[in-house]
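For reference, the structure is listed below as structure tokens.
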Amino acid sequence: MTGGNLHADVKRTSALRRVPPLPKIQFRSVCGGEGDVCAFKLPSDAVPITLESPTGRMMTIAPGDVFLATPGYRESIRWASGRIPAGGLIPGNDYWVIADSGIVGERAGDPPSDYGYFGRVRYLGAVWGENGERLNIRQFAAAASSGLDHNAAVYLVLGTCGNIGKTTAGIAVVRALRMQGHRTIIALKATGTSSFEEIARYQDFGAAQALDCIDFGLPTTFPSSREGIGDFFAKALGFCLSQPADSLVVECGGDLFGASVPEFLTCLKARRSDLKVVLVAADALGAIGAKRVLEEIGLAISLITGPCTETPTLRERTETLCGIPAINLFRSSGQGTQ
């Protein structure tokens with residue numbers, strides 16, 4: 001196999017959402033690297049898998065389907081993890097879908113059993129453009145901005161683990177800012193795994209723009225502490241802060257230690273010294289630990305929310321032990337004034 005042609009309407013995943021429609025899709029049997037637009041096939045004897053389309057709709061990949069996705073990395077304490085092997089994906093070899101946005105790699109550890117996206121697929125090759133160039137999502141990233149910083153207020157949402165409600169808390173912050181008169185709000189999911197559905201929710205609740213790592217040319221911000229990630233974050237922040245906006249709401253996916261979050265915080269602190277930090281914590285112990293970690297790097301928590309505020313007893317314990325206001329942003333009807 002040296003390559004092939006695909007129909008222009010071949011299924012594609014949300015990791016490729018910035019890649020424009022291609023009137024002619026040709027792939028070549030070459031090794032695939034991070035961010036490359038690549039063709040994969042779900043074996044005919046496999047079970048269907050469910051992936052996110054560029055519109056955010058969850059689409060079914062049926063057995064025998066060929067679809068477009070991209071190689072990438074993921075390190076998760078809850079979900080599937082995987083990596084790109086040295087030298088890239090090899091045509092004809094089998095790999096695993098490790099995120100529903102269409103990230104494919106060599107699996108790491110035991111596979112999860114109940115995630116609709118996780119499935120074994122065959123790598124066919126990398127897609128070439130009309131001008132004979134290999135297509136990569138970096139080519140379609142937002143342009144680096146040389147504009148001035150518009151001094152938008154920055155609200156930073158951090159969590160003690162994944163899947164704890166950071167996006168929900170971030171949306172509550174957006175709603176509160178809108179109620180307080182902020183007309184233009186930018187939302188940035190700065191770290192972790194891309195998800196169009198998550199950032200689209202920010203727009204649903206009033207953000208003028210919502211962006212994540214895909215918009216700046218990376219499928220994810222894994223592996224942790226990757227080389228050159230500081231330059232990547234500088235570009236993303238430079239773009240967001242150059243937009244004429246009242247405020248920037250930043251969500252860091254994952255916990256405080258993975259997904260290159262420490263590197264992002266260093267980059268953000270260099271641009272802003274007056275951050276408002278919202279911590280989403282599972283319990284009071286996690287909140288205390290996060291407070292100490294953030295103090296060591298010079299960040300002070302302004303507000304605590306999350307499961308540690310689910311009941312009056314939990315909320316009061318968290319607030320007393322941490323000495324920081326704790327509010328259940330998920331249920332409070334008066335979060336705008338608070």
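The values are calculated or read from the model by the stated rules, or taken from the named source; none is laboratory data. None of these values were measured; they are calculated from a predicted model. A quick note on method: Cβ atoms are made from the backbone with ideal geometry, for glycine too, and the neighbour counts reach across all protein chains shown. Quick note on the areas: whole protein, heavy atoms, side chains included, nothing else; ligands and nucleic acids left out. Shrake-Rupley method; radii C 1.70, N 1.55, O 1.52, S 1.80 Å.
For region 1-20, what are the residues that are in contact with a strand residue (DSSP E or B) (Cβ under 9 Å, 6 or more places away or on another chain), modelled with pLDDT under 95 and not in a strand (DSSP E or B)?
Result: Met1, Thr2, His7, Ala8.
Here is a yes/no grid of residues against (1) of a type outside the set (Val, Ile, Thr); (2) in contact with a Ser or Thr (Cβ under 6 Å, 6 or more places away or on another chain):
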residue	(1), (2)
Gly206	yes, no
Ala210	yes, no
Cys213	yes, yes
Thr220	no, yes
Ser225	yes, no
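If I ask for residues that are at pLDDT 95 or above, among the small types (Gly, Ala, Ser) and either over 24 Å from the mean Cα position of the chain (by Cα) or open to solvent by 10 Å² or more (accessible area, probe 1.4 Å) (or both), which ones from region 121-141 would you list?
Those that are at pLDDT 95 or above, among the small types (Gly, Ala, Ser) and either over 24 Å from the mean Cα position of the chain (by Cα) or open to solvent by 10 Å² or more (accessible area, probe 1.4 Å) (or both): Gly125, Ala141.
Being among the small types (Gly, Ala, Ser), in a loop (DSSP other than H, G, I, E, B) and either modelled with pLDDT under 95 or within 21 Å of Cys213 (Cβ to Cβ) (or both) is the filter here; which residues of region 78-120 pass it?
Ala80, Ser81, Gly88, Ser101, Gly102, Ala108, Gly109, Ser113, Gly116, Gly119 - these are the residues of region 78-120 that are among the small types (Gly, Ala, Ser), in a loop (DSSP other than H, G, I, E, B) and either modelled with pLDDT under 95 or within 21 Å of Cys213 (Cβ to Cβ) (or both).
Which numbered condition in (1) within 18 Å of Ser53 (Cα to Cα); (2) without any contact (Cβ under 8 Å) to a residue 60 or more places away in the chain; (3) among the hydroxyl-bearing types (Ser, Thr, Tyr) is the only one that Ser101 fails?
(2)
State the number of residues belonging to region 47-62 that are open to solvent by 50 Å² or more (accessible area, probe 1.4 Å) and part of a loop (DSSP other than H, G, I, E, B).
4
May I ask you to list the residues in region 63-77 that are assigned to a loop (DSSP other than H, G, I, E, B) and charged (D, E, K, R)?
Those that are assigned to a loop (DSSP other than H, G, I, E, B) and charged (D, E, K, R): Asp65, Glu75.
List pairs: first residue in region 46-59 and over 10 Å from Ser101 (Cβ atoms), second residue hydrophobic (A, V, I, L, M, F, W, C) and in a loop (DSSP other than H, G, I, E, B) anywhere in the structure, Cβ distance under 6 angstrom, at least six positions apart or on different chains.
Pro48/Ala62
Has region 94-115 got at least one residue that is within 21 Å of Gln26 (Cα to Cα), surrounded by 17 or more Cβ atoms within 10 Å (Cβ to Cβ), touching a strand residue (DSSP E or B) at 6+ places or on another chain (Cβ under 9 Å) and of a type in the set (S, T, N, Q)?
No - not one qualifying residue is present in region 94-115.
Scanning region 204-218 for residues that are touching an Asp or Glu at 6+ places or on another chain (Cβ under 9 Å) and in a loop (DSSP other than H, G, I, E, B), which turns out least open to solvent (accessible area, probe 1.4 Å)?
The extreme case among them is Asp212.
Scan region 21-46 residue by residue and report those that are outside any strand (DSSP E or B), closer than 11 Å to Val127 by Cα and open to solvent by less than 40 Å² (accessible area, probe 1.4 Å).
Leu22, Ser29, Val37 - these are the residues of region 21-46 that are outside any strand (DSSP E or B), closer than 11 Å to Val127 by Cα and open to solvent by less than 40 Å² (accessible area, probe 1.4 Å).
Any residue at all in region 187-196 that is assigned to a loop (DSSP other than H, G, I, E, B), closer than 23 Å to Gly32 by Cα, among the hydroxyl-bearing types (Ser, Thr, Tyr) and touching a strand residue (DSSP E or B) at 6+ places or on another chain (Cβ under 6 Å)?
no
Can you report the number of residues in region 157-173 which are buried (at least 22 other Cβ atoms within 10 Å of the Cβ), part of a helix (DSSP H, G or I) and touching a residue at least 40 places away in the same chain (Cβ under 8 Å)?
6
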